[in-house]
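Below: the structure, in structure tokens.
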Amino acid sequence: MQTKESFEKYREITDEEMKRAFAHAAEQVNRCIPVFEGGFPAAASVDNFYPKTENDDWTNGFFTGELWLSYEMTGEEKFKEAALAHVKSFKERITKRIVVDHHDMGFLYSPSCVAAYKLTGNEEAKEAALLAADNLLGRFCEKGEFFQAWGEMGKPENYRLIIDCLVNMPLLFWASEVTGNQKYKEHAIKHIKTSMKYVVREDYSTYHTFYFDTETGEPLKGVTAQGNRNGSIWARGQSWGIYGTAIAYKYLKDPVYIQKFRNVTKCFLKHLPSDLIPYWDFDFVEGSTEPRDASSAAIAACGMLEMTKYLEEEEAEKYRGYALRLLAALTEHCLYKDFEETNGILLHSTYAKSSEENSVADGGVDECCIWGDYFYMEALVRCCTEWETYW
């Protein structure tokens, strides 16, 4: 288990290393443009190579986000053209309602269509993202005041939120900003307050998912869907908590979320192994043969860098330093080395690992995961430039 002193012994990535790492990542993105033309990379690689899929998963927005990040950093039109071609696919998906009966509208439409509108003023992208925001509003549960994650609405077995959804909320704040209609923002605020109240445990570890009573909206129980067990700390869930509390403070400006951020982040950092690459669940410690989840470190770094905008200088520099150490570790241990090895960017992530208490089958274990690639690139961009977030 890490201590503050042992963590701070790990070196920070340098500016030059970050620039080289981003160029290396963008080169991979460029190589993938013709490979995935007319489709998208799957959520996770198979033997470190992403299969080509349709636009029908919760993860498809992330590759488009990689294109936009690459365009912003290089100015090369080929990235912009490829990303704008995706806009039509996302517009078709939401209008034809292709696998959109879930809460992940932000993951799909913020790094794709919101980014497109912010960077180019593309009206089709704006329209698609607003339709996605409307779709997300349809999943709001008045009893309990949260967005239901998955499944048929209102069924007791589905009446729950998950911690990931905090990063879907910026889509709704953006929708209120561009339309002037406060309904999006108001529902997002309610969901954030409910999530922050129930998914963060007393020790500042986090539940993956939390159930509510369908009749009264009263809280019932926190469990896991992808962690090792109901009481364990699923690494990616904890990293969503870091990014999620930063987003909560960004939009609500309630100082209670700064303290929650500090505590949730401390819990994440102290459970890291010596090389700073998280195991997929923090039940597993130094020396375990269980797989890692590099994507959770990339998400956590983004959350720390977001929160530095709202902290006093000394504390902001502390969290920036933590993020730089995570990026150094990811770059050293997980960044792909050559094109024969993979068509992904960040190796050693884990999508889902089965256990006796969770509800998933093994999938994407010790592979590239498309959100890991995206958030690694986002963290580098955050460090290298004054970036206007897609979130």
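The values are calculated or read from the model by the stated rules, or taken from the named source; none is laboratory data. A quick note: this is a predicted structure, and the numbers were derived from the prediction, not measured. As a convention, Cβ positions derive from the backbone with ideal geometry for all residues, glycine included, and neighbour counts pool all protein chains shown. Remember, those area values only see protein heavy atoms, side chains included, never the ligands or the DNA or RNA. Shrake-Rupley method; radii C 1.70, N 1.55, O 1.52, S 1.80 Å.
Does at least one position in region 167-177 carry a residue that is modelled with pLDDT of 95 or more, crowded, with 23+ Cβ neighbours inside 10 Å and touching a strand residue (DSSP E or B) at 6+ places or on another chain (Cβ under 7 Å)?
no
Considering only residues that are assigned to a loop (DSSP other than H, G, I, E, B) and open to solvent by 30 Å² or more (accessible area, probe 1.4 Å), look in region 365-390 and name the one that is farthest from residue 317 (Cα to Cα).
Applying the filter and picking the extreme gives 388.
How many of the residues in region 57-108 are under 22 Å from residue 158 (Cβ atoms) and in contact (Cβ under 8 Å) with a residue 60 or more places away in the chain?
6
Hey, among 139, 93, 97, which residue is over 27 Å from residue 245 (Cβ atoms), modelled with pLDDT of 95 or more and open to solvent by less than 20 Å² (accessible area, probe 1.4 Å)?
93
If we keep just the residues of region 114-136 that are touching a Leu at 6+ places or on another chain (Cβ under 9 Å) and open to solvent by less than 30 Å² (accessible area, probe 1.4 Å), which is nearest to residue 82 (Cα to Cα)?
116
Among the residues of region 190-219, write down those that are crowded, with 20+ Cβ neighbours inside 10 Å and either of a type in the set (Asp, Glu) or modelled with pLDDT under 95 (or both).
none
How many residues does region 350-364 contain that are of a type outside the set (S, T, N, Q) and open to solvent by 60 Å² or more (accessible area, probe 1.4 Å)?
Adding up the residues that qualify gives 4.
Can you find even one residue in region 39-49 that is surrounded by fewer than 22 Cβ atoms within 10 Å (Cβ to Cβ), among the aliphatic types (A, V, I, L, M), touching a residue at least 60 places away in the same chain (Cβ under 8 Å) and not in a helix (DSSP H, G or I)?
Within region 39-49, one or more residues are surrounded by fewer than 22 Cβ atoms within 10 Å (Cβ to Cβ), among the aliphatic types (A, V, I, L, M), touching a residue at least 60 places away in the same chain (Cβ under 8 Å) and not in a helix (DSSP H, G or I).
Could you name every one of the strands (runs of 3 or more DSSP E) located completely within region 129-237 that has at least 1 residues being among the basic types (Lys, Arg) and within 20 Å of the chain's Cα centre (by Cα)?
It comes to 160-162.
Taking the options 286, 290, name whichever one is of a type in the set (D, E, K, R), at pLDDT below 95 and either outside any helix (DSSP H, G or I) or buried (at least 21 other Cβ atoms within 10 Å of the Cβ) (or both).
286
Hey, does region 316-335 have a residue that's touching a Gly at 6+ places or on another chain (Cβ under 7 Å) and either open to solvent by less than 10 Å² (accessible area, probe 1.4 Å) or among the charged types (D, E, K, R) (or both)?
No, that holds for no residue.
How about region 145-166: which of its residues are open to solvent by 20 Å² or more (accessible area, probe 1.4 Å) and of a type outside the set (S, T, N, Q)?
145, 150, 151, 152, 153, 154, 155, 156, 157, 160, listed by residue number.
Return the pair list, or none, for Cβ contacts closer than 7 Å from residues in region 357-378 that are in contact (Cβ under 8 Å) with a residue 60 or more places away in the chain to residues that are β-branched (Val, Ile, Thr) and in a helix (DSSP H, G or I), at least 6 apart or on different chains.
Close Cβ pairs satisfying both conditions: 375/299.
Across region 217-249, what is the number of residues that are closer than 16 Å to residue 300 by Cα and in contact (Cβ under 8 Å) with a residue 60 or more places away in the chain?
The number of residues fulfilling the criteria is 15.
Scan region 7-38 for residues that are under 30 Å from residue 266 (Cα atoms), part of a helix (DSSP H, G or I) and open to solvent by less than 50 Å² (accessible area, probe 1.4 Å) and jot them down.
Answer for region 7-38, where residues must be under 30 Å from residue 266 (Cα atoms), part of a helix (DSSP H, G or I) and open to solvent by less than 50 Å² (accessible area, probe 1.4 Å): 7, 17, 18, 21, 22, 25.
Taking the conditions exactly as written (more than 20 Å from the chain's Cα centre (by Cα) and open to solvent by less than 10 Å² (accessible area, probe 1.4 Å)), does residue 342 satisfy them or not?
yes
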